[in-house]
Every structure is written in C-alpha cells, then in structure tokens.
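Peer 1: Pasting a structure here, questions to come.
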Amino acid sequence: MTQIRLMKPYISFDEVEAGFREIFDSGIFTRGQHVEAFRNEICAYAGARHAHLTTSATTALSVCLKLLGVEAGDEVIVSDFSFPATANVVEDLGARPVFADVSLDTFNILPEELRRRITAKTKAVIAVDAFGNPSGMHEIAAICKEHKLPFIEDAACAIGSREGGVSVGGIADLTCFSFHPRKLLSTGEGGAITTNNDSWSGWLDIKLNHGASGMLGNGLDFVEHGYNYRLSELQALMGRVQLRKLDAIVANRNEMRNEYVRRLELAGFIPQYRASDVVHNVQSMVFRVPESVDRDVLIGRLREDGIETTIGTYCLSGTTYYRRRYSDVQPNSERLQRETITLPCYEGVDVEAVCKAVVRWSNG
Ligand SMILES: Cc1ncc(COP(=O)(O)O)c(C=O)c1O
C-alpha cells in the first residue's frame, strides 16, 4: 500500500467551500466573476498583457498552432523530452513535429539543435520548460526572433518559474500552461495561454468562445467558427485560491529540493540543472540515476516500501507511434527517458526517509 504519494493537490475543500456555495446559489457556473478575475490575476502574475483560460494545456497548444495558421505540410520544431501532447497537437493538424534533442543537464531543447532543424517549412517552435525549468528560454526566444519564427512555450509545468527576472508567461510569443493535478496549480483539468500580442488575443477571445463576437440576434454574432475550450466558475475559483499561495509553494518545494540534492548527490544521483538566474518551481523533483542503478527496478523497490515514484518523462521521437512514423530518435532524450526518476515533493513528505530508501535500494 502506498504511504507516500508522488503528488498531492495544494488545495483543500475547506478553502473553496464558501465560494462554491456562492456559485451554486447564484447559478452562474460559466463566464462569471471568477473566470474574469482569474484571467486578470494570471496576467498580473505572469507579467503578460493578455491571458485566456482553456480546458487544458493540450487545447491551449492546439489553438495556438491554429492561430499561427499551421497546416498540412508545415513543420513545427518541438522539444523531444516531453509529454506526447507537445507533438500530438502538431501531428493532429497534419503538420510534422520535428524533434529537437535536449540538454542532458537542463533537459530543455538545445539551441544548436533548434538552429539545425530550421528549414523553409518551419512554421513555429514549441520549447518545453522540462518539469517547470525555464533555463535557456530567453536564448530560444532570441533564435526564434532572428529567424522570424513564432515561439510557443510549452509551460504546462512551469507556472511560478522565472528566468532572468521575467516570469514564465512573459518570455515567449505565446505561453501555454496546464492546471492538471500533477501541476502546482490545479483546477482538476484546465489551462491558460498568455501573450502580449493584442490582435492574437482578440482572435483567441473569439475562437475560444464558439467564434462569437459583436452584436446580432440575442447580442451575439458568430464571426468565425470556434470552440468551447472554457474553464468553469468552479475551476476558476480553485485556480484563484492556489495562485495566491503559489510563491510560497515554490519556495517550499525549493527547500525540499535542496534537501534531496544534499542527500542524494553523494550517492551519484544528478539533479536537473537550472541556471543561476532561474527561479525553478520544481514541478517535479527529477534526478538522473547513477549508471549502476536500474531505474525501473528502483521504482519497483520503492513501491514495495510504500513510496510512489515515476519516470521523468518521454522521449517523444522514441515512442512507438513517432518512431514508426519518422524514425528520428533523439539520443539525449532517449537516455533521459531511461535514466530519470521523479521523487515525491510536496509539503509533509519525509525527504530523509525517501532518500534513505533510494540509497538503500541503489546499493543493491
Ligand atoms: C510538457 C507538457 N505539455 C503538455 C501537457 C498536457 O497538459 P494537459 O494535461 O493540461 O493537456 C503536459 C502534461 O503533463 C506536459 O507535461
């Protein structure tokens, strides 16, 4: 039986009970005060001019590609070490996700790999903040600018992180967040897009809301075909409660990270590197295991001890689907998929006990 879970939500029912009651009493479940307020609060927090709420990071990424006009025959360069959604949204439009390998240190897209993969067909770049780490994102933004390519930051894991004093959400042309339960801020399912581009923001306003705008019958006209990718009032309220605590959550996770690193580095575990000008939200506490350790065996042994852990994330080019389709497996990413482990990290985890178990099982 699992005693230490991998992640716990940073929200309790007590914190939303009164607000939920008000929403139920008012009968306003969509497009009410909490959605509007959460949007504004994300803007302020991320330092972006506009924010749009979505049903997930996947729908956020997908609609951003549509906004940029990505279609069949186009190429979009994507970080190869990520969750499959990063590439699936490209594939889904009939375009080709071009996998760029990542750094063995930061786990983020390598600038030279990005440059090497740019062709006349490249329509956009999706760089991932691996486990919330934004190291190198300003450099990626500069390369995209040099080549006049729109930069979408897949910040699914990165709310609360910063690079060079700039919050994630204010670095790329379009930034997509996830509010899935494995993230620091969770609305069950959910997501957001931030941008400083006024006309893109206007387009998103319309597209995310059935293509509606202006005034015709019943006060609405439908000027585009569109989607319903909206968050509800209940979800927005959950998001607001957690956003207020986010900086404290990030600080706490960094304290835990320091303890993990202090205890496990001596045993040969290598933590994800983040540059000195980075605030990393530590969405996942990820280490590369020593070469002598079989990561999958270690995960199994820890499970027997009641400690839930998991792999880092996926080498997208090496998944059955993408390997079969493009035969372009990226070596660093493949290695990271094999060597990385995610350990429990949230308030209340007994880091000493987890580390002792990790070291014990790593020694045989
Ligand atoms: C890097 C990355 N991109 C996209 C997603 C998809 O997020 P969502 O579940 O909100 O669609 C995830 C989910 O974990 C992710 O880690």
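Bear in mind that the values in this text are calculations on the coordinates, not laboratory data. Fair warning: this is a prediction, and the values are worked out from it, not measured in the lab. Backbone-built Cβ (ideal geometry, glycine too); neighbour counts: all protein chains shown.
Peer 1: Which one of Ser213, Ser232 is without any contact (Cβ under 8 Å) to a residue 12 or more places away in the chain, surrounded by 16 or more Cβ atoms within 10 Å (Cβ to Cβ) and among the small types (Gly, Ala, Ser)?
Peer 2: Sole residue among the options that is without any contact (Cβ under 8 Å) to a residue 12 or more places away in the chain, surrounded by 16 or more Cβ atoms within 10 Å (Cβ to Cβ) and among the small types (Gly, Ala, Ser): Ser213.
Peer 1: Now for a separate question. Suppose we filter Ala172, Ala141, Ala158 for residues that are in contact (Cβ under 8 Å) with a residue 60 or more places away in the chain, of a type in the set (A, V, I, L, M) and buried (at least 19 other Cβ atoms within 10 Å of the Cβ); which single one remains?
Peer 2: Being in contact (Cβ under 8 Å) with a residue 60 or more places away in the chain, of a type in the set (A, V, I, L, M) and buried (at least 19 other Cβ atoms within 10 Å of the Cβ) holds for just one of Ala172, Ala141, Ala158, which is Ala158.
Peer 1: On to the next question. What are the residues in region 156-174 that are more than 16 Å from the ligand (Cβ to nearest atom) and hydrophobic (A, V, I, L, M, F, W, C), if any?
Peer 2: The answer is Val166, and nothing else.
Peer 1: For region 192-210, state whether one or more residues are part of a strand (DSSP E or B), within 19 Å of Leu61 (Cβ to Cβ), touching a Ser or Thr at 6+ places or on another chain (Cβ under 8 Å) and among the polar types (S, T, N, Q).
Peer 2: yes
Peer 1: Consider Tyr314 against the criteria (1) in contact (Cβ under 8 Å) with a residue 24 or more places away in the chain; (2) over 21 Å from Ile159 (Cα atoms): it satisfies all of them except one. Which criterion is unmet?
Peer 2: Exception for Tyr314: condition (2).
Peer 1: May I pose another question? Pairs please, first residue from region 73-102 and free of Cβ contacts under 8 Å to residues at least 60 places away in the same chain, second anywhere and of a type in the set (Ser, Thr, Tyr) and within 13 Å of the ligand (Cβ to nearest atom), Cβ atoms under 7 Å, 6+ apart in sequence or on different chains.
Peer 2: Val89/Thr58; Val89/Ser62; Asp92/Ser62
Peer 1: For the condition within 16 Å of the ligand (Cβ to nearest atom), closer than 30 Å to Asp105 by Cα and crowded, with 17+ Cβ neighbours inside 10 Å, what is the one hit in Phe177, Phe269?
Peer 2: Phe177
Peer 1: Which one of these is in contact with an Asp or Glu (Cβ under 9 Å, 6 or more places away or on another chain), closer than 17 Å to Ile152 by Cβ and surrounded by fewer than 22 Cβ atoms within 10 Å (Cβ to Cβ): Arg49, Arg5?
Peer 2: Answer to the selection: Arg49.
Peer 1: Now for a separate question. In region 188-201, which residues are of a type in the set (Ser, Thr, Tyr) and either over 30 Å from Tyr10 (Cβ atoms) or within 16 Å of the ligand (Cβ to nearest atom) (or both)?
Peer 2: Those that are of a type in the set (Ser, Thr, Tyr) and either over 30 Å from Tyr10 (Cβ atoms) or within 16 Å of the ligand (Cβ to nearest atom) (or both): Thr194, Ser199.
Peer 1: Quick check on this structure: which one of Leu208, Leu204, Leu220 is more than 16 Å from the ligand (Cβ to nearest atom) and buried (at least 22 other Cβ atoms within 10 Å of the Cβ)?
Peer 2: Exactly one residue qualifies, and that residue is Leu204.
Peer 1: Filtering region 116-137 down to residues that are more than 16 Å from the ligand (Cβ to nearest atom) and farther than 21 Å from Cys315 by Cβ, which residue is surrounded by the most Cβ atoms within 10 Å (Cβ to Cβ)?
Peer 2: Taking the candidates together, the pick is Lys123.
Peer 1: If you don't mind, there's one more thing I want to ask. So, in region 62-80, of the ones that are more than 12 Å from Ile126 (Cα to Cα) and within 16 Å of the ligand (Cβ to nearest atom), which residue ends up nearest to the chain's Cα centre (by Cα)?
Peer 2: By that ranking, first place goes to Val63.
Peer 1: Restricting to region 249-282, name every residue that is of a type outside the set (Val, Ile, Thr), farther than 24 Å from Pro9 by Cα and free of Cβ contacts under 8 Å to residues at least 24 places away in the same chain.
Peer 2: Arg262, Glu265, Leu266, Ser276
Peer 1: Among the residues of region 32-46, is any of a type in the set (A, V, I, L, M), under 23 Å from Ile159 (Cα atoms) and surrounded by fewer than 19 Cβ atoms within 10 Å (Cβ to Cβ)?
Peer 2: Looking through region 32-46, at least one residue is of a type in the set (A, V, I, L, M), under 23 Å from Ile159 (Cα atoms) and surrounded by fewer than 19 Cβ atoms within 10 Å (Cβ to Cβ).
Peer 1: Another question about this same structure. Please determine whether any residue of region 138-146 is within 16 Å of the ligand (Cβ to nearest atom), aliphatic (A, V, I, L, M) and within 16 Å of the chain's Cα centre (by Cα).
Peer 2: For region 138-146, residues within 16 Å of the ligand (Cβ to nearest atom), aliphatic (A, V, I, L, M) and within 16 Å of the chain's Cα centre (by Cα): absent.
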